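Visitor: Here's a structure for you.
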C-alpha cells in the first residue's frame, strides 16, 4: 500500500497542474492514468492542434502544453502510474483507498478526480463476430509487430495509426489498407510513402469501402468488404488491425457513490468537493452551475481544491495563503534560490 | 425559432423549436433528446453528437470542414449523410430539418 497526501486520477492538464498546486503547499501526490503517457485529451485528441486560450500563452499545441506542465511540476518528483485504471475506491476511516487494474493500492486522505470525459478505449468493430476474434487475430493496437510477420493483414482506418502501421508492417507482411473514404489523414510524408508503396504493389489500398463480415472459425480466414457502389469483395486475411480512434468511457467512476449529473460529477464550486468528503473532481469531468469545459477552468478549480486537500492532509496545521513570488517556503519547494 | 426533428434509429421522433444560432447538438442537449451525448461539449473532439441528416437537407447545410470529416471517421457507423450535430448551426433556412441519431454514440 502506497501512502500519500493526494491521489490524482487523470494525467491531463488539470491533473498535472494539481501536482503543482499541491506541491507548492507541501503536499505529496501520485498520479494514475489509464493511458501510457501524460497529457490526456491534449495528447490523444489534439497533439498538433493549436490552443489559443491559455492565459499569457498566445498559442501552443496540446503536446507543447503537456510538456510545459510536466516541466513546471518537475521539482515535485511525482510518481506516475500509467496504463492503470482506478477500479475501486473504498473508505478507511478518514482516508480513501484506491485500487488499480494492476492491483496497486494507494491510501490518502484526498482524491482528486481529473478524469476528463473518462478513460480512453479503442472504438471496437461493431460486427458481432468481431468479439470472438478479439486479441487472438483481431487487434486494436500492436504490441509485438513480429507476430504479424509473413501474414495477410487487413488494416482499417484512415488516420495516423492506420497509416503508420500500414507502412511499418508492409515491410514484413502483406498489408491491405481499407478505409471508408478515399482521403486519408496523415502527414504529407506518410501519405507520399503510402502512395509510393501502393504504386510498387507492396501495399494494397481499398477505398471507399467498409467491413461487412469476418469469416473463419477459430482464426480469421478472410473478410468481406463492401464498396460504396454495393460491390463486395473477399480479402484473404489472417489478422485484422482496426484503428477507428479512441472513445471515452466514464468507466468505474460511476460506481463510487458520487452524485452525478448525466456524465459529470457534481461538485461544490467553493472547493470542488464531491458529496464525499475528501473526494474532489476538477476539469472536464466536474459540473456546477456555469461550468465551462476549458483548460483554464480546470486550473482554477484545482487551485481551490488543493486548499481543502491541505486542510484534510494537515489537520493540525493552519493553511497560510502565499504568493510564489514572495514565499521562501514555496521557493524552497520549487528548488529556487 | 426553427423546427428541428430528431429521430432515433427505432423511428421515434421529437420535433422541437430550437433557437436560431444554437447548434443542432445544443438544441438536443437543452431539451434532453436521447441519443446525442456531446461528450466534448461541441469542440469537434469526440464524435458523440453524430447524426444522419435526411438526404434532401444535406445540400442545404454548409459543407463539413476537414476536421469534422476526420472526426466522423471515428464515429459509430458513419454513412454518407453523417454530420456532427455540434457543427450545424440552426438558422431559419433549416426549418423542418430532420436528423436521425445512430443506434449508439460510442
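Visitor: Provide the percentage of antiparallel DSSP beta bridges, counting only those with both residues in chain A; round to the nearest 5.
Guide: 50 percent
Visitor: Per the Kirkwood formula on distinct C-alpha pairs, the Rh of chain B is how many angstrom?
Guide: Roughly 13.3 Å, rounded to one decimal.
Visitor: Among DSSP bridges having both ends in region B:2-100, what percentage is antiparallel? Round to the nearest 5.
Guide: Given both bridge residues lie in region B:2-100, the antiparallel proportion sits at roughly 75 percent.
Visitor: While we're here: Pick out which of A:262, A:68, A:124 has the largest mean-square fluctuation in a Gaussian network model of chain A, springs linking Cα atoms closer than 10 Å.
Guide: Between A:262, A:68, A:124, it is A:262 that shows the largest mean-square fluctuation.
Visitor: How compact is region A:204-302 by the rule of thumb for globular proteins, expressed as Cα Rg over 2.2 N^0.38 Å?
Guide: 1.82
Visitor: On a 0 to 90° scale, report how tilted helix A:188-199 is relative to the longest principal axis of chain A, with both axes built from alpha carbons and the result rounded to the nearest 10.
Guide: 20 degrees
Visitor: For B:50, A:264, A:20, A:189, what ranking results if the residue with the fewest other Cβ atoms within 10 Å of its Cβ goes first?
Guide: Lowest to highest Cβ neighbour count: A:189, A:264, A:20, B:50.
Visitor: So, one more: Using alpha-carbon positions, what is the distance between the centroids of region A:212-281 and region B:1-68, in Å?
Guide: With region A:212-281 and region B:1-68 each reduced to a Cα centre, they are spaced 21 Å.
Visitor: Could you give me the percent of Cα pairs per 20 Å distance bin for chain A, shortest bin first, beginning at zero and ending with the bin that holds the maximum distance?
Guide: Percent of pairs per bin, in order: 28, 46, 24, 2.
Visitor: Then there is this: Please state, to two decimals, what the Cα-based radius of gyration of region A:38-161 comes to when divided by 2.2 N^0.38 Å (N = residues).
Guide: It is 1.41.
Visitor: Roughly how crowded by other chains is peptide A:42-50, in terms of the mean Cβ count from those chains within 10 Å of each of its Cβ atoms?
Guide: That works out to 2 on average.
Visitor: Quick one: A:1, B:44, fewest Cβ neighbours within 10 Å first, how do they rank?
Guide: In order of increasing Cβ crowding within 10 Å: A:1, B:44.
Visitor: Please arrange A:288, A:52, B:6 by counting, for each residue, the other beta carbons lying within 10 Å of its beta carbon, fewest first.
Guide: Fewest-to-most ranking of A:288, A:52, B:6: A:52, A:288, B:6.
Visitor: So, one more: How shielded is B:73-82 by partner chains, expressed as the average number of their Cβ atoms within 10 Å of its Cβ atoms?
Guide: 5
Visitor: Here is a follow-up. Starting from the Cα coordinates of region A:124-244, work out the convex hull volume and express it per residue in Å³.
Guide: Here the figure is 97 Å³ per residue.
Visitor: Related question: For helix A:62-72, what angle does its Cα long axis make with the longest principal axis of chain A, in degrees from 0 to 90 and rounded to 10?
Guide: Helix A:62-72 sits roughly 30 degrees off the main axis of chain A.
Visitor: On to the next question. Could you give the angle, 0 to 90 degrees to the nearest 10, between helix A:13-23's Cα long axis and the longest principal axis of the Cα atoms of chain A?
Guide: 30 degrees
Visitor: With chain A treated as a Gaussian network of Cα nodes joined by springs under 10 Å, which of A:47, A:75, A:58 yields the largest mean-square fluctuation?
Guide: Result for chain A, Cα springs under 10 Å: A:58 fluctuates most.
Visitor: Normalising by the residue count of region A:1-152, find the relative contact order in percent from Cα pairs under 8 Å and 6+ residues apart.
Guide: For region A:1-152, the relative contact order is 28 percent.
Visitor: How high is the relative contact order of chain B, given as a whole-number percent (alpha carbon pairs under 8 Å, six or more residues apart)?
Guide: This gives 41 percent for chain B.
Visitor: Now for a different question. Running a GNM on chain A with Cα contacts under 10 Å, which residue among A:11, A:162, A:305 ends up with the highest mean-square fluctuation?
Guide: A:162
Read-outs throughout are calculated quantities, based only on the coordinates presented, and are distinct from any laboratory measurement. These numbers were taken from a predicted model, which means no experiment stands behind them. Every residue, glycine as well, gets a Cβ built from its backbone with ideal geometry; the counts of neighbours run over all protein chains shown.
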